[in-house]
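Provided herewith is a single structure, encoded as structure tokens, for subsequent inquiry.
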Amino acid sequence: MKTNIEKTIKILEKHFNYKERTTLNRMRKQKKSNKNAFKILIACLLSLRAKDETTDKISRRLFEIADTPQKILKLPIKKLEKIIFSTGHYHKKARVLKSVSKELIKRFHSKVPSTKEKLMSIKGVGQKTSNIVLNFAFDKEFIPVDTHCHRIPNRLGWFKTKNAEQTEKQLMKILPKKYWKEFNGIFVLFGRTICVPISPFCSKCPVRRYCKRVDVKKNR
Ligand code: SF4
């Protein structure tokens, strides 16, 4: 089983070049000196239910105007909403961006904390966001699990889980640590292009020989 998991990851790693990966994954690959935990946190909050191209474009535009908690807080809410409008749920996201910035200033000297406990104590920061920040900004061994990272290992037959939280626990048990950092970037891209939620493209899947296609009723 473990060998098949390693083989699957290795094939997918080659197939999905990191340059094509999501905005957040590209931010992770920046040099340490250029990495900015605040920008990664804000881009992650903007990315929820948004297309990757939109997250990329809007987060760049926002950071030209406001790239610190203080600057976000100073932006009038209407202006902030206008900037982030196309990421969707802009009323809610603008409020979250403001409150997260406020908490960072008040409780963490304007710095993004680097522990799970502290990150999760910030209102608006959940399990996936905190794992993304810990992994992408601080190089810590956490596996961010979104809908693709949950769906695909279940289809592959690695385990049977009901939600992202259970999946994260299982992945931590079966996935060799050397793949933890790359896992999210690879599987998000795989889930958007080939192993899509409805009718996956099994005929052109590079790992079909290792897949049990659990609960895949229709495929192309
Ligand atoms: S064979 Fe089909 S279900 Fe299995 S991983 Fe590939 S695309 Fe997904």
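Read the figures in this text as sums done on the coordinates, not as results from a lab. For clarity, every value in this text was computed on a predicted model and none was experimentally measured. No Cβ is skipped: glycine too gets one built from the backbone with ideal geometry, and neighbour counts run over all protein chains shown.
What relative contact order, as a whole-number percentage, does segment 147-220 give when Cα pairs under 8 Å and 6 or more residues apart are counted?
Answer for segment 147-220 is 39 percent.
Once Lys and Arg get +1 and Asp and Glu get -1 on their Cβ, which of 105, 149, 138 lies farthest toward the positive end of the dipole of segment 93-163?
Of the listed residues, the answer is 105.
Bin width 10 Å, origin at 0, all Cα-Cα pairs of segment 62-220: what percent of pairs per bin?
Whole-percent P(r) values from 0 Å outward: 10, 31, 29, 21, 9, 0.
With a cap of 15 neighbouring Cβ atoms within 10 Å, and only residues DSSP puts in a loop, list the chymotrypsin sites (Phe, Trp or Tyr not before Pro) found in segment 84-118.
Hits after loop and neighbour filter: nothing returned.
For the chain, take the longest principal axis of its alpha carbons; what is the angle in degrees between that and the long axis of helix 37-47, to the nearest 10 within 0 to 90?
The helix 37-47 is inclined about 70 degrees to the chain.
Kindly express, to the nearest 10 degrees and within the range 0 to 90, the angle between helix 147-156's C-alpha long axis and the longest C-alpha principal axis of the chain.
Helix 147-156 sits at roughly 10 degrees to that axis.
Another question about this same structure. Can you list which of the trypsin sites (Lys or Arg not before Pro) found in segment 56-150 are DSSP loop residues with at most 12 other C-beta atoms within 10 Å?
Those that pass, being in a loop and sparsely packed, are 111, 123.
Per DSSP H run of at least 4 residues, take -39500 (n - 2.57); add these up for the chain, divide by its residues and hand me the 222 nm value, nearest 500 deg cm²/dmol.
Helix contribution divided over all residues of the chain: -16500 deg cm²/dmol.
Let me ask something else about it. So which trypsin sites (Lys or Arg not before Pro) in segment 147-197 end up in coil per DSSP with only 16 or fewer other C-beta atoms within 10 Å? All intermediate terms of the calculation are to be shown ahead of the outcome.
Details: sites: 151, 155, 160, 162, 169, 173, 177, 178, 181, 192; in loops: 160, 162.
Within segment 147-197, the qualifying trypsin sites (Lys or Arg not before Pro) (loop, at most 16 other Cβ atoms within 10 Å) are 160, 162.
May I pose another question? Tell me, what HN-Hα J-couplings in whole Hz come from the Karplus equation 6.51 cos²θ - 1.76 cosθ + 1.60 at θ = phi - 60° for each residue of segment 90-101, using x for Gly and Pro?
Along segment 90-101, the couplings run 5, 4, 5, 4, 4, 5, 5, 4, 5, 5, 5, 4 Hz.
How would you classify segment 158-201 from its alpha-carbon gyration tensor, with a ≥ b ≥ c the square roots of the eigenvalues: rounded for a/c under 1.5, else prolate if a/b is greater than b/c, otherwise oblate?
oblate
Compute the long axis of helix 52-65 from its Cα atoms, compare it with the longest principal axis of the Cα atoms of the chain, and write down the angle in degrees, 0 to 90, nearest 10.
That works out to roughly 20 degrees.
When the Karplus curve 6.51 cos²θ - 1.76 cosθ + 1.60 is applied with θ = phi - 60°, which whole-Hz ³J(HN,Hα) does each residue of segment 161-169 get, with x for Gly and Pro?
Residue by residue, segment 161-169 yields 10, 9, 8, 4, 5, 5, 4, 4, 4 Hz.
I'd like to know how segment 36-137 sits against the 2.2 N^0.38 Å rule of thumb: what's its Cα Rg over that expected value?
0.96
Among the listed pairs 57/78; 98/128; 10/212; 74/181, which have their C-alpha atoms separated by more than 24 angstrom in this model?
74/181
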